[in-house]
Amino acid sequence: MAIPITVLDCDLLLYGRGHRTLDRFKLDDVTDEYLMSMYGFPRQFIYYLVELLGASLSRPTQRSRAISPETQILAALGFYTSGSFQTRMGDAIGISQASMSRCVANVTEALVERASQFIHFPVDEAAVQSLKDEFYGLAGMPGVIGVADCIHVAIKAPNAEDLSYVNRKGLHSLNCLVVCDIRGALMTVETSWPGSLQDCAVLQRSSLTSQFETGMPKDSWLLGDSSFFLRSWLLTPLPIPETAAEYRYNRAHSATHSVIERTLQTLCCRFRCLDGSKGALQYSPEKCSHIILACCVLHNISLDHGMDVWSSPVPGPIDQPPEGEAEHMESLDLEADRIRQELILTHFS
């Protein structure tokens, strides 16, 4: 009599001597509509992930049998897009909830290993100029090569004494710094900052700051909202515009910066494990950071495969902790203020 799959050891299921696999679920046996409704992605995209990650998910061990890379990827996609290890998800592909968790861990690490392949700033001058042209065409803001923002993702409390992850709402979270282009493709993602840090502190400590302060393309900058300090390479809105030109600058800034706001809303809508609707991520901060980064990698891969970032239904504004005292605070960077004023006089007067 066959042994029920749900009582098999997780390690025995995942990796096996001779690479024999438990193929309890076949992509060819279900419709495209089913795949989209259950896992959030079409068939060809899933096949691409199998090809991309297959070697990392097929490592041999001394166990007797293994879950196929295809099934591991479906398990992970099911979790990323639903935010739940619910029994029906495991039942759909023939594995236990414990095996679902191990599959998610394996796929997450495989995606994180490839993050730099899919998330990066363009390096050649033509690509940088293309970014500037595209952003300028949106709202007339010159020199923009990316838009930046932070987003909090809820996590379980690491321990009772550690308050570094408690944000301004009293909840435990990671504060993630993200920069995207006009398509919504992510060019920088930093996911490990504790939720107690305000956005301006995250930016100050980030590798992004080191990258832009050591060198950046001429007459190029990012746009950030009022939770960031004004910098020579990051332009913020004027807290109290007075002239017509300053109002025009703020309107163009807002219209351009909305790209990152909509991108983050879409990211959380597609990957419901990030939006807190099924509760906080139930892992250590490090593992939560990797899950967030894995979702960001999938986001960019989906764009590379023609899945428009705006194709997913976008909910209302993301419920985020207020920045409080950091809002509308201007830095004392006189050079940054000069650059912004010169830009306003040259392009918005």
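Run through the stretch 232-286 and list the trypsin sites (Lys or Arg not before Pro) located in a DSSP loop whose Cβ has at most 16 other Cβ atoms within 10 Å.
Listed in order of number, the matching sites are Lys278.
Using a 1.4 Å probe, what is the accessible area per residue for the stretch 194-248, in Å²?
44
List the GluC sites (Glu not before Pro) within the stretch 152-245 that fall in a DSSP loop (any state other than H, G, I, E or B) and whose Cβ has at most 14 other Cβ atoms within 10 Å.
Hits after loop and neighbour filter: Glu161, Glu242.
Using a basic spin-label model with each label point 7 Å from the Cα along Cα→Cβ, how many nm lie between Leu27 and Thr209?
About 4.3 nm, to one decimal.
Keeping the other protein chains in place, figure out the carbon and sulfur percent of the accessible area of the stretch 181-244, with a 1.4 Å probe.
The value for the stretch 181-244 is 52 percent carbon and sulfur by accessible area.
Can you give me the accessible area per residue for the stretch 92-182, using a 1.4 Å probe, in Å²?
41
May I ask you to compute the full-extension gain from Arg43 to Val166, defined as 0.36 nm times their residue separation minus their alpha-carbon distance, rounded to one decimal in nm?
Stretched fully, the Arg43-Val166 segment lengthens by 40.3 nm.
Could you tell me the calculated FRET efficiency between Thr346 and Asp308, based on Cβ-Cβ distance and R0 = 51 angstrom, to the nearest 0.05?
0.90
How much length is gained on full extension from Val123 to Tyr247, taking 0.36 nm per residue of separation minus their Cα-Cα distance?
41.3 nm
The values are calculated or read from the model by the stated rules, or taken from the named source; none is laboratory data. What you see is a predicted model, and the numbers here were worked out from it, not measured in a lab. Because the Cβ atoms are built from the backbone with ideal geometry, glycine has one as well, and the counts that use them run over all protein chains shown. Accessible surface is based on the protein model in full, side chains and every heavy atom, while ligands, DNA and RNA are left aside. Shrake-Rupley method; radii C 1.70, N 1.55, O 1.52, S 1.80 Å.
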